[in-house]
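Worksheet: one structure, shown below.
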Amino acid sequence: MTDPADEVPGTELSAADARILDFLAEHGFDASRIDQLPADDRPRALAIIRQMDVLDRYPVDPPHESIVDATLARIDRHDEQRAAAMRIGATRWRPRIRLADVVGIAALLLVATGVALPMLTQLRAQSLSAVCASNLRSLGGALAHYANENGGAMPAMAGIGGGLFGDSTPVPPTATAPATTPQQAMRQAAERAAMIRALNAVRGGVTVTVIPNWGTFQHSANLALLVSKGYADVHALRCPGCAAGAACFAYRVPAQGARFQLDTPHRMVVVSDANPVIELRRNGQKIDRSVLSSRNHGESGQNLLFCDAAVEWRTSPILTDSPSKVIDNIWLPRGDDGTERADLRVRPKDPNDTFVAQ
């Protein structure tokens, strides 16, 4: 914009000339459009058009080629200078890490971790439960094969069958460490069988019996017979979520006087994840509640193998569809008075009572 102080007096346009010149420029200096102007502006508009005609007719020599070349060269130099300035600005720029950026990234990582960790934990738990259920299915097939070749009977260690599954069940409390292999389980079972025979001696016409304590008796050692006889692989007896060296699966305890057979007329639980009440008692911990899930899966639930070879995931140890027609806690045996005992010192009397022990 030109500074008004630099203008030559007498060279500026009047307001009327400026207005008319704008009108003519908008209409391409078409003389036929002059009629659209007010009558007072028409003479002035005609005068401007005549002046424009004079300029058009004024003789002017064509520009020399050197002027065109100089103009184009100046444009090229301007473009090069602009590009060079942009390159210099780009090379001088350096990323700067600010505290706000660090805090923002840390917050995003914390949010991502908070979302991802529960998902990974849940996926891992689901994977462990799936492997556990697969092992139980393999165990169910082994039990069915064993029962088919043994008249429907379930596995029971030699020397224990008469005492463990007979009318009287003397089971001595022991402090034997949990077996880590099927061979160790069989050896411990044989030792306990000898103790049972000794305690079953008849003295004065009275049979000496010992109140069973399922918290100390390794009942799941009977399942090791499936491995020793080639019916199952040793890995089928283990849940991947249980503690190493501990009995991972609980085995159903038959009622007194009942023959333990797989082809029961009712849909009974045969094997399950480890009994948490027994684990607490073995660890010397106080049992303040019995309605809790197996610690194999972090007390989120347990897999159950039924006598029809079906494996189901249950979030509660309470069976509302039990054949005994009562609410049945699979972790506790039911005594003579019809109540379930948390001290684990009774044998089930009702053949329909589901009690599993490891």
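The values are calculated or read from the model by the stated rules, or taken from the named source; none is laboratory data. As the structure is a prediction and not an experimental result, all values here were calculated from the model. Please note: Cβ atoms are built from the backbone with ideal geometry, for glycine as well, and neighbour counts cover all protein chains shown.
Within the stretch 283-305, how many residues are more than 18 Å from residue 237 (Cβ to Cβ) and in contact (Cβ under 8 Å) with a residue 40 or more places away in the chain?
5
Filter the stretch 249-298 for residues that are among the β-branched types (Val, Ile, Thr) and in contact with a Gly (Cβ under 7 Å, 6 or more places away or on another chain) and give the result.
278
Residue-wise test of (1) touching a Leu at 6+ places or on another chain (Cβ under 6 Å); (2) assigned to a loop (DSSP other than H, G, I, E, B); (3) modelled with pLDDT under 75; (4) in the same structural domain as residue 222 (by TED's automatic domain parsing).
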residue: 120; (1), (2), (3), (4): no, no, yes, no
residue: 136; (1), (2), (3), (4): yes, no, no, yes
residue: 141; (1), (2), (3), (4): no, no, no, yes
residue: 144; (1), (2), (3), (4): no, no, no, yes
residue: 170; (1), (2), (3), (4): yes, yes, yes, yes
residue: 180; (1), (2), (3), (4): no, yes, yes, yes
residue: 184; (1), (2), (3), (4): no, no, yes, yes
residue: 191; (1), (2), (3), (4): no, no, yes, yes
residue: 196; (1), (2), (3), (4): no, no, yes, yes
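Sort through 347, 267, 334, 252 and tell me the only one that's under 19 Å from residue 139 (Cα atoms) and crowded, with 19+ Cβ neighbours inside 10 Å.
Just a single option satisfies the conditions, and that option is 252.
Of the conditions (1) over 25 Å from the mean Cα position of the chain (by Cα); (2) buried (at least 18 other Cβ atoms within 10 Å of the Cβ); (3) at pLDDT below 85, residue 242 clears all except one; give me its number.
Status for residue 242: all satisfied but (1).
Within the stretch 285-308, is even one residue over 25 Å from residue 153 (Cβ atoms), touching a strand residue (DSSP E or B) at 6+ places or on another chain (Cβ under 6 Å), in the same structural domain as residue 249 (by TED's automatic domain parsing) and part of a helix (DSSP H, G or I)?
yes
Collect the residues in the stretch 270-312 that are surrounded by fewer than 15 Cβ atoms within 10 Å (Cβ to Cβ) and either modelled with pLDDT of 90 or more or closer than 21 Å to residue 254 by Cα (or both), keeping them in residue-number order.
308, 310, 312
Cβ-Cβ under 7 Å, sequence separation 6+ or interchain: first residue in the stretch 315-328 and over 25 Å from residue 126 (Cα atoms), partner at pLDDT 70 or above and among the acidic types (Asp, Glu). Which pairs?
Note: pairs meeting the criteria are 322/328; 324/350; 324/353; 328/353.
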